[in-house]
Amino acid sequence: MGKTLTLYPQGAGRDCKDAKASTLTLYTRAGCPLCEEMATEVHALIAGTGHGLALLDVDADPLLKAKYGWEVPLLFDGDTEICRHGLSLPAIQAWLRSNP
């Protein structure tokens, strides 16, 4: 499977014990400036929410490379795509509202 780097927010965690933190997946590739930019932006937006960010290099996994090719960066919550090729602020804000 592909190389995964999981980034979790720092701090005490979530305020509500009933809230469920998610780990978003950002499909990337080495040397991709758009990927690096999206990772930085998403990490800043989810800081303090309890949500995490996992980076998956599509080139490290032949199945991911075949599936996504040059379509990186892609941000997913499970099987649900949030945005691709760049951060969509309205899309991530909508996701954060529905996943407090």
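Could you tell me whether any residue of region 55-72 is aromatic (Phe, Trp, Tyr), at pLDDT 95 or above and under 16 Å from the mean Cα position of the chain (by Cα)?
Step one: list which residues in region 55-72 are aromatic (Phe, Trp, Tyr), which gives 68, 70.
Filter once more, keeping what is at pLDDT 95 or above: none.
Looking through region 55-72, none of the residues is aromatic (Phe, Trp, Tyr), at pLDDT 95 or above and under 16 Å from the mean Cα position of the chain (by Cα).
Do the conditions hold for ALA44, that is, is it outside any strand (DSSP E or B), of a type in the set (A, V, I, L, M) and either in contact with a helix residue (DSSP H, G or I) (Cβ under 7 Å, 6 or more places away or on another chain) or at pLDDT below 95 (or both)?
Judged against the criteria, ALA44 is not a match.
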Whichever residue in region 23-36 is among the hydrophobic types (A, V, I, L, M, F, W, C) and part of a loop (DSSP other than H, G, I, E, B) and, among such residues, is surrounded by the most Cβ atoms within 10 Å (Cβ to Cβ): CYS32
Checking PRO90 against (1) closer than 17 Å to ARG29 by Cβ; (2) out of contact with any Phe, Trp or Tyr (no Cβ under 6 Å at 6 or more places or on another chain), the condition it does not meet: (1)
Output for region 37-66, where each listed residue is of a type in the set (D, E, K, R) and surrounded by fewer than 15 Cβ atoms within 10 Å (Cβ to Cβ): GLU37
Check on GLY50, touching a Pro at 6+ places or on another chain (Cβ under 7 Å) and either among the small types (Gly, Ala, Ser) or assigned to a helix (DSSP H, G or I) (or both): yes
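Please work out if LEU64 is outside any loop (DSSP other than H, G, I, E, B) and touching a residue at least 60 places away in the same chain (Cβ under 8 Å). Quick ask: steps written out before the conclusion?
On the way: outside any loop (DSSP other than H, G, I, E, B): yes; touching a residue at least 60 places away in the same chain (Cβ under 8 Å): yes.
Against the criterion (outside any loop (DSSP other than H, G, I, E, B) and touching a residue at least 60 places away in the same chain (Cβ under 8 Å)), LEU64 qualifies.
Across region 33-52, what is the total count of residues that are within 14 Å of LEU87 (Cα to Cα) and not acidic (Asp, Glu)? Before the answer, list the steps.
Step one: filter region 33-52 for residues within 14 Å of LEU87 (Cα to Cα), giving 33-46.
Now drop any that are not not acidic (Asp, Glu), which leaves 33-35, 38-40, 42-46.
Residues in region 33-52 being within 14 Å of LEU87 (Cα to Cα) and not acidic (Asp, Glu): 11 in total.
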Tally, over region 67-78, of residues that are out of contact with any strand residue (DSSP E or B) (no Cβ under 6 Å at 6 or more places or on another chain) and either among the polar types (S, T, N, Q) or in a helix (DSSP H, G or I) (or both): 1
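The values are calculated or read from the model by the stated rules, or taken from the named source; none is laboratory data. Bear in mind that the values here come from a model prediction, so they are computed numbers and not experimental data. Counting neighbours? That spans all protein chains shown, and the Cβs are built from the backbone with ideal geometry, glycine included.
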